[in-house]
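All remarks here apply to the structure that follows.
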Amino acid sequence: MHRRQAIRAISAACAGIVAHSWGAHAASLPGKLWYVDQRAAPGGDGKTWRTAFQSPRDALAAASAGDEIWVAHGTYHPHPDDATQSFTLKADVALYGGFAGGETARDQRDYAQHVTTLSGDIGNGDRTRNTHTIVMGADRAVLDGFTIAHAYGADKPRLHLTPDDILKGDMVVGGGMRNFMTSPVVRNCIFRNNFSPKGGAVYNVHKPGAEQATFTNVEFVDNEASQRGGAVSNDLGAMPVFIDCRFVGNRSQDKGGAIYNDFASTPLLFNVLVTGNEATTAGGIGNDGGSSPLLANVTIVGNKATSGLGAGLYQGTGANNNPIIVNCSIDDVYNWHEDIVAALGSHVPAGQTLPLADFLPISNLDGQVRAADLAPLPTGVGYQPRPYGAQLLKAPVVATLVQFYSRNEGVVEYRGEYTRPVVTRDAVAAKVIHVVPASASATQDGLSWATALTDLQAAIDLASVSKAAVWVKAGRYHPARRDADRIAAFTLYDGVEVYGGFAGTETDVAQRRRDAAPTVLSAKLAAGDDRYPHVVYGANQAVLDGLTIRDGNAVGFTYNGKGGGLLAYHAGKTYLPNGLKAYRAGRALESYSDPVGFTMTVRNCRFERNEALEGGAIYAFGKAVLTIVDTTFDGNRAIYGGAVLDREGVTATHRRSAFLRNAATHDGGGAYADYGSLVTFRDTRFQANAARRNGGAIYMISRASQVGATNVTVTNSELRGNTAAAGASIYDLDGGTLSVVDTHYPSGSIHQPKS
């Protein structure tokens, strides 16, 4: 099987996450009560309402494990003029707000009526002087019944954070609350108008082996991050639990308008609303670095990504960002590279998910999802505007998934590494294997035109073991059947060179007249309407020369949604750039730094009428090196990269080529350069290409690449008659390196971000 579905248990379970998710708290043990009221007389001992402390800081200093602190309504600052000071919670101490003052039982309070605010507003009208982080979390501490507002944390821009950077713990992050390796319980709170580089409202980092932070009936409103996570940012295996929460009107200047997850962070969301949030990418929730959240009864609608990438649920860079969604309503899903979403009973855009039942089943795995567990939840799809999370946690499928996430630390992997078939033929002593469309010869050994093979794949197989080239006579070549172990009509092997355009008499490649004798490779089967996703699956040091490649239809999942004409990387194989490692629960695992892209040459070819979700004609990934010369791309289509998409450190050189009438329903009608790719166009023509959104001819995006900015060079070329909503010729989203020299293009047709 070329596709295998697997879930790996990486290490021991997160102890007690399910119990902690329901709000278990060590403060149920008998403890003291401490009182806070800003209207009280100075010098109080905090033991009664009449002798209350004036600040929660004093009560926190006095309290011990098991104690509760009751805070009367009003506004409290960590410090009147020191922005670096915070309210630092204590382990196993509960801090409750919402009291009028005078109550004798906690259930007498009304936190909606008696608003208790922990405020960072100390800047006298200059918010940049406000408190950096208002609350510092602690293990099993409770924060209940507060509004946390007006933090402002500024730090130098650092999008390329490493785990070592994070573990230092010295960053300005989490404006409203910072939970650095701590696991508080937060209930009945509002985080409003907080600002920080990461986690405008809250920042969470996992503590290996510990419980996780829990947020119940919490609202995140109008918070902002300059980098990631307008409301919440989770790092290094964080698995916070959100129950009956709302994320509304939060913003990130980069990624994750509401929530951003990185380095294998896998939050659990139950009955949550995410709406009206905005970011450049990932307007709602963004997942990078192997982050696979669990969402049940979650509504993600009406969010905005100004780049057009991932307004709702965004799976981005890094290996295995595979969320599980149950009973959710999501209006936009974006999967980068081979990410995929597993769904049950949800309303989501078509083509972005796999059924949950197909994604998870593994025999002999305790807590596995069984058929009996997959009954639809009784609540209807999406967030319910009432406390409902506890009931959701009792639903069979959700309870099973929570147990699974707890035991496996959120590890959910969809691994589909493709292994090309092993060639078992014996080698022949020949420098050339000949192929013709049809032959009457009784002998078909491929050693001459007279005894040529008629099966192109058989010729490629023979050439791979014989170290020979393949010469293909003019005509049409279709696969005879659909083989389960192949993903393309024609599978190349390392070092194989395939030449087309022969009349059938030549003894030298130079004798070809390619235009007079076209050689067409099609993804369609010889009989019927079935076809392979890809026409050609590439290989290292392979050459395609003098061929017309057409009819690819890569509109499936993972790699079968890319490169309808040519797939130019090791399909399904994990790759992380520059020695980066995969992470689970804050621990580094494997390094996947070996390039997975192929080094190939394409000459004198035509790619026409191929389709894919990404890279209609060609998709290259993972430091692939492509040299494309005297080649035409005509009438190819995709969502991103109508003709070509190069992603993650690809080096692609186009010379004397043409991009004609290609189209993208989103971005990059002709070509799409992504994540640190180095793409050069010399003596190349772009004409009549179209993108419905941006980059009619060329679209480029860097995404804070770990391999440097995307670099596009266009020299001595022509860009005419291309169309797009913006950047008809070239659209640079986020400040890559663009050089346009001695090239003709309409005035105003190149879009670059303002510096």
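The values are calculated or read from the model by the stated rules, or taken from the named source; none is laboratory data. In this text the structure is predicted, and so the values were computed from the model without any measurement. A quick note on method: Cβ atoms are made from the backbone with ideal geometry, for glycine too, and the neighbour counts reach across all protein chains shown.
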Q. Of a type in the set (G, A, S) and at pLDDT below 90: does that describe G169?
A. yes
Q: Being buried (at least 21 other Cβ atoms within 10 Å of the Cβ), within 42 Å of the chain's Cα centre (by Cα) and in contact (Cβ under 8 Å) with a residue 12 or more places away in the chain narrows it down to one of P80, P56, so name that one.
A: P56
Q. When both residues are 6+ apart or on different chains and their Cβ atoms are under 7 Å apart, which pairs have a first residue that lies in the range 103-120 and is among the hydroxyl-bearing types (S, T, Y), and a second that is modelled with pLDDT of 95 or more and surrounded by fewer than 15 Cβ atoms within 10 Å (Cβ to Cβ)?
A. T117/T75; S119/T75
Q: Search the range 444-462 for residues being hydroxyl-bearing (S, T, Y) and within 20 Å of A480 (Cβ to Cβ), and hand back the single one that is surrounded by the most Cβ atoms within 10 Å (Cβ to Cβ).
A: T454
Q: Scan the range 87-108 for residues that are surrounded by fewer than 23 Cβ atoms within 10 Å (Cβ to Cβ) and either part of a loop (DSSP other than H, G, I, E, B) or among the charged types (D, E, K, R) (or both) and jot them down.
A: K90, A91, D92, A100, G101, G102, E103, T104, A105, R106, D107
Q. Looking at (1) assigned to a loop (DSSP other than H, G, I, E, B); (2) surrounded by fewer than 23 Cβ atoms within 10 Å (Cβ to Cβ), which is the only condition T75 fails?
A. (1)
Q) Residue check, V679 against (1) over 18 Å from the mean Cα position of the chain (by Cα); (2) assigned to a loop (DSSP other than H, G, I, E, B); (3) of a type in the set (A, V, I, L, M), all met but one. Which one? A) (2)
Q. Does the range 357-380 contain any residue that is outside any strand (DSSP E or B), modelled with pLDDT of 75 or more and among the aliphatic types (A, V, I, L, M)?
A. no
Q) Q253 is checked against (1) touching a Leu at 6+ places or on another chain (Cβ under 7 Å); (2) surrounded by fewer than 24 Cβ atoms within 10 Å (Cβ to Cβ) and fails just one. What number does that condition carry? A) (1)
Q: Could you tell me which residue of the range 281-310 is surrounded by the most Cβ atoms within 10 Å (Cβ to Cβ), considering only residues that are more than 22 Å from V241 (Cα to Cα) and modelled with pLDDT under 95?
A: G310
(Q) Testing P30 on (1) over 42 Å from the mean Cα position of the chain (by Cα); (2) modelled with pLDDT of 95 or more, one condition comes back false. Which one is that? (A) (2)
Q) Within the set of pairs 6 or more residues apart or between chains, which connect a residue that is surrounded by fewer than 14 Cβ atoms within 10 Å (Cβ to Cβ) inside the range 465-482 to a residue that is among the small types (G, A, S) and at pLDDT 95 or above with Cβ atoms less than 8 Å apart? A) K467/G495
Q | Elements of type strands (runs of 3 or more DSSP E) in the range 172-273, at least 3 residues being closer than 29 Å to T400 by Cα | A | 185-187, 202-205, 214-216, 232-235, 241-248, 259-261
Q: Among residues belonging to the range 310-334 that are in contact with a Leu (Cβ under 6 Å, 6 or more places away or on another chain) and not in a loop (DSSP other than H, G, I, E, B), point out the one that is farthest from S265 (Cα to Cα).
A: I330
(Q) surrounded by 21 or more Cβ atoms within 10 Å (Cβ to Cβ), touching a residue at least 24 places away in the same chain (Cβ under 8 Å) and out of contact with any His (no Cβ under 7 Å at 6 or more places or on another chain): is that true of D144 in this structure? (A) yes
Q.
Anything in the range 190-201 that is on the phi < 0 side of the Ramachandran plot and either β-branched (V, I, T) or free of Cβ contacts under 8 Å to residues at least 60 places away in the same chain (or both)? List them, or say none.
A. I190, F191, R192, P197, G200, A201
Q) Restricting attention to the range 90-106, does a residue exist that is modelled with pLDDT of 95 or more and under 23 Å from S226 (Cβ atoms)? A) no
Q) Yes or no: R50 in the same structural domain as A105 (by TED's automatic domain parsing), basic (K, R) and outside any loop (DSSP other than H, G, I, E, B)? A) no
Q. Of all the residues that make up the range 648-680, how many are at positive phi and acidic (D, E)?
A. 1
